[in-house]
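These notes are about the structure you will find just below.
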Amino acid sequence: MCQPIRDEPLDPKSLPGAGPMNMNIHMNQLDIPKLQRQLDSSHQIATARIMAIRDEIYGGLASPLVLILSAGVMEWMSLFQHGRGHGYVQDQDQEEKKDFSDSNVVDADEYAYVAKAKETMVLKKILSLILNICQKDATLCEEMAKAGAHVQLSKIIRMDVYSILSMMNIPVTCAHHTTATATATVTQEIYEVEEDMLIEMQDLACEVAHSSPDVRYPTRISPCVNEEFFSRLPLTFDIRSPMGVQESLMVRQVTERQSAQEDVGFVMWPSAVVLASWLLDNQDVLRGKSILEIGAGCGLTGLVAARIVQNMDRQCIVDGTRSDLKSSRMILSDYNRKVLTNIDRNIELNGLRQFCNASRLDFYVQEGSNRDGGWKGVDIQSLNVQGGECVDSIQPAVDLILAADIICKPSDSVAASNTIHDALCPGGEAIVVLGDGKHRFGVDIFEEECHRNGLEVHATNVADMCGGQLLPKTIESDDPCGLRKTSGFVEGMTLTMFRVKKAL
């Protein structure tokens, strides 16, 4: 069996333009297939972006990638500029003249000049590389556009195919072009091969230019400054539990400014880190369960839960035991569309697509009356296909709900308790971590609202859990869980874990 090629992680310093001594680029020295493998996944791309900023590469990872694109475009377009485009005439001057009369069988691909050129194949690989990057990382896509990628793509998109074909001295009479002064004799088939290749390159450039809905084409050149690069990088969260279990995840936060209460999912909140850390020491609560995170925000808690499930599944494979964990997919839900898109990207960024997905769930449309369980919502794939016309439908009840910092005002407590009641199957449990009422308005009535819905509640001060290692008690205290890296953390704040159960 053939083993897959495994490359070392990309060292951005090795790319052209990554340093003052590395500005020149020679396409024959670039291993584009290797670069494609090193930048294949969202995680690989994000890691390379972080390394580029760490290594103080001017313009970040975008700069050398745009330089590679620019060099590829320049070398390709030189095929039909500065006289090189007259390849048919030159070849026949130097070699024995070919007889392309109708009586001979001609392999059009063999004699096509641009279509068979090495420069064409190289540029196609570069465009495919840039396309994959744009589809996997919208932030880097925007940075490349601002660094000049769209200028290079426009050279291909806006080129006049038939003027180029005319310049190449390909004689043909057809519906849209006539060349009467041609000096070489080639067949209609060769003309069509060249025409198809030029149009194919235009189509590929157009696909790259419009590959991210977040990036408008054409984008004017306006490179980001260093401060912007840092703020746009995903956070690497090394989650450490009180018992020393560790997981490392990359989490993007939405970089736009919060303008409304519903934008709270743009950033990381301290309760999410606490719940994620606690799960690492209490993994059995996830085993064999169907799981839903509500108000997921950036998705840290749900991503950690999905990683735990992924590790359990891998262990089953190693042990040779049967696993039913793949059927118990983790659902990360929120309402804000931008937040949902970010959650979906974080799932991809951490390679967890097999174990979780994103769905829209609005607390305020759940009625709190579904005794058998079932919540109103829709998965992000349906949203992306149908857009605003996609309506909520009843989704299956789950065994376990995870939630962290989901209450900002009193009505949120009412809506959250209704959601927990409806989304849980009979006998199911919700584990909810919330800030205190002093810092999160409406939390004080959450327990009361759960009781109103017939739910059993057990509340514990997080500071009293795990030997006090989940929450810094004072400014001088250590912060093993990394709460101080989150938004909304206040020294001395109180967090409470609610274990909410639905009766059988």
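Give 424, 434 a once-over and let me know the one that is modelled with pLDDT of 90 or more and within 22 Å of residue 298 (Cα to Cα).
Numbers: 424 fails: within 22 Å of residue 298 (Cα to Cα).
None of the others qualify; the one that does is 434.
Of the strands (runs of 3 or more DSSP E) lying entirely inside the stretch 359-443, those containing at least 3 residues that are surrounded by 18 or more Cβ atoms within 10 Å (Cβ to Cβ) span 375-379, 398-404, 424-435. Do you know which of the residues in the stretch 271-313 that are polar (S, T, N, Q) and open to solvent by 10 Å² or more (accessible area, probe 1.4 Å) is farthest from residue 238 (Cα to Cα)? The residue in question is 290. Residues that are open to solvent by 60 Å² or more (accessible area, probe 1.4 Å) and touching a Cys at 6+ places or on another chain (Cβ under 8 Å) within the stretch 193-242 comprise 214, 240, listed in sequence order.
This table checks each residue for (1) at pLDDT below 95; (2) more than 43 Å from the chain's Cα centre (by Cα); (3) surrounded by fewer than 16 Cβ atoms within 10 Å (Cβ to Cβ).
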| residue | (1), (2), (3) |
| --- | --- |
| 90 | yes, yes, yes |
| 110 | yes, no, yes |
| 127 | no, no, no |
| 135 | yes, no, yes |
| 144 | no, no, no |
| 153 | no, no, no |
| 163 | yes, no, yes |
| 167 | yes, no, yes |
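If the condition is being open to solvent by 50 Å² or more (accessible area, probe 1.4 Å), assigned to a strand (DSSP E or B) and more than 28 Å from residue 239 (Cα to Cα), then the stretch 444-473 contributes only 456.
The values are calculated or read from the model by the stated rules, or taken from the named source; none is laboratory data. Just so it is clear, the model here is predicted, and its values are computed rather than measured. Please note: Cβ atoms are built from the backbone with ideal geometry, for glycine as well, and neighbour counts cover all protein chains shown. Areas reflect the complete protein model, heavy atoms only, side chains present, ligands, DNA and RNA absent. Shrake-Rupley method; radii C 1.70, N 1.55, O 1.52, S 1.80 Å.
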